[in-house]
1. Among the residues of segment 55-94 satisfying the criterion of being surrounded by 22 or more Cβ atoms within 10 Å (Cβ to Cβ) and among the aliphatic types (A, V, I, L, M), which is farthest from Val149 (Cα to Cα)?
2. Within segment 14-28, can you find the residues that are closer than 23 Å to Ile161 by Cα and open to solvent by 30 Å² or more (accessible area, probe 1.4 Å)?
3. Determine if segment 157-179 includes at least one residue that is in contact (Cβ under 8 Å) with a residue 24 or more places away in the chain, touching a strand residue (DSSP E or B) at 6+ places or on another chain (Cβ under 9 Å) and not in a helix (DSSP H, G or I).
4. Tell me which of these Val250 doesn't satisfy, since it passes every other one: (1) surrounded by 14 or more Cβ atoms within 10 Å (Cβ to Cβ); (2) outside any loop (DSSP other than H, G, I, E, B).
5. Taking the options Leu45, Leu97, name whichever one is open to solvent by less than 30 Å² (accessible area, probe 1.4 Å), more than 16 Å from Pro210 (Cα to Cα), among the hydrophobic types (A, V, I, L, M, F, W, C) and touching a residue at least 60 places away in the same chain (Cβ under 8 Å).
6. Answer yes or no: is there a residue in segment 102-111 that is of a type in the set (Phe, Trp, Tyr), within 30 Å of Asp174 (Cβ to Cβ), over 12 Å from the mean Cα position of the chain (by Cα) and modelled with pLDDT of 90 or more.
7. Do you know which residues across segment 129-144 are surrounded by 24 or more Cβ atoms within 10 Å (Cβ to Cβ) and either at positive phi or not hydrophobic (A, V, I, L, M, F, W, C) (or both)?
8. How many of the residues making up segment 17-42 are over 15 Å from the mean Cα position of the chain (by Cα) and under 22 Å from Cys209 (Cα atoms)?
Amino acid sequence: MMGPAHSLSGAAAWLGVGSAMAAAGEPMPWPVLVVGALICAGAALAPDLDHKSATISRAFGPVSRVLCGVIDKLSHSVYKATRGHGDPRRNGGHRTLTHTWLWAVLIGAGTSALAVTGGRWAVLGILFVHLVLAVEGLLWRAARTSSDVLVWLLGATSAWILAGVLNEPGNGADWLFSGPGQEYLWLGLPIVLGALVHDIGDALTVSGCPILWPIPIGRKRWYPIGPPKAMRFRAGSWVELKVLMPAFLVLGGLGGLGALEFI
């Protein structure tokens, strides 16, 4: 799928989690709901770090372009080193390593560890990166016509404000993990969810997605998971723009209302 659909699906997924948690008697504080949805929207773009033309490659100027090139080469190297007898030869690393459940879990765990050990500045950095990505995905028309600096300033300002809100007592710094030194441990959860939602979205397209790697399926270690081919669509097609994106908006709205009802 394209960047805007990925971001919408990420935000909708976190809002759905918020609604489910509320129904189970464990409602999220509203800052966790809002910040988590924005982080998840940004994280839903991150698996495309292996694609030089993806939205994320433009988000941070030369830094993200260079990083995407490095991740593409790394992913391609891992693919070549681990491919099974039934896996085809490839010229690049797109939709390989960064499009797996293992990558999602490792990135989420690393983010949680960074948030817990790095203190306020680490939290601000995590928020800044994902809020910039959320702007690029959710407000993509405005982001494309605006200066990168303006997008970065919006991301930095929003990160500073939201970090301050979260840090207030009862606003969610210790949501789910209330032990000493466990503040912001939950920040990895929307990142894992965003990455997995991205992978599921790509699995619906023509090429499928090797979400289960390194678990082999038949003769393939990089088996492209997806529905029957007749049910798949091309990225950017009318199915994505006219069906899925409006559905994500509706589902996200319902999830948000369900979550806020119990707060």
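1. Ile71
2. Leu15, Pro27
3. Within segment 157-179, not a single residue is in contact (Cβ under 8 Å) with a residue 24 or more places away in the chain, touching a strand residue (DSSP E or B) at 6+ places or on another chain (Cβ under 9 Å) and not in a helix (DSSP H, G or I).
4. Unmet condition: (1).
5. Leu45
6. Scanning segment 102-111, I find no residue that is of a type in the set (Phe, Trp, Tyr), within 30 Å of Asp174 (Cβ to Cβ), over 12 Å from the mean Cα position of the chain (by Cα) and modelled with pLDDT of 90 or more, so the answer is no.
7. Listed by number, the residues that qualify are His130, Glu136, Gly137.
8. Number satisfying all stated conditions: 0.
The values are calculated or read from the model by the stated rules, or taken from the named source; none is laboratory data. Quick caveat, the model's predicted, so the values are computed rather than measured. When we count neighbours, we look across all protein chains shown, and the Cβ atoms used for this are built from the backbone with ideal geometry, even at glycine. Quick note on the areas: whole protein, heavy atoms, side chains included, nothing else; ligands and nucleic acids left out. Shrake-Rupley method; radii C 1.70, N 1.55, O 1.52, S 1.80 Å.
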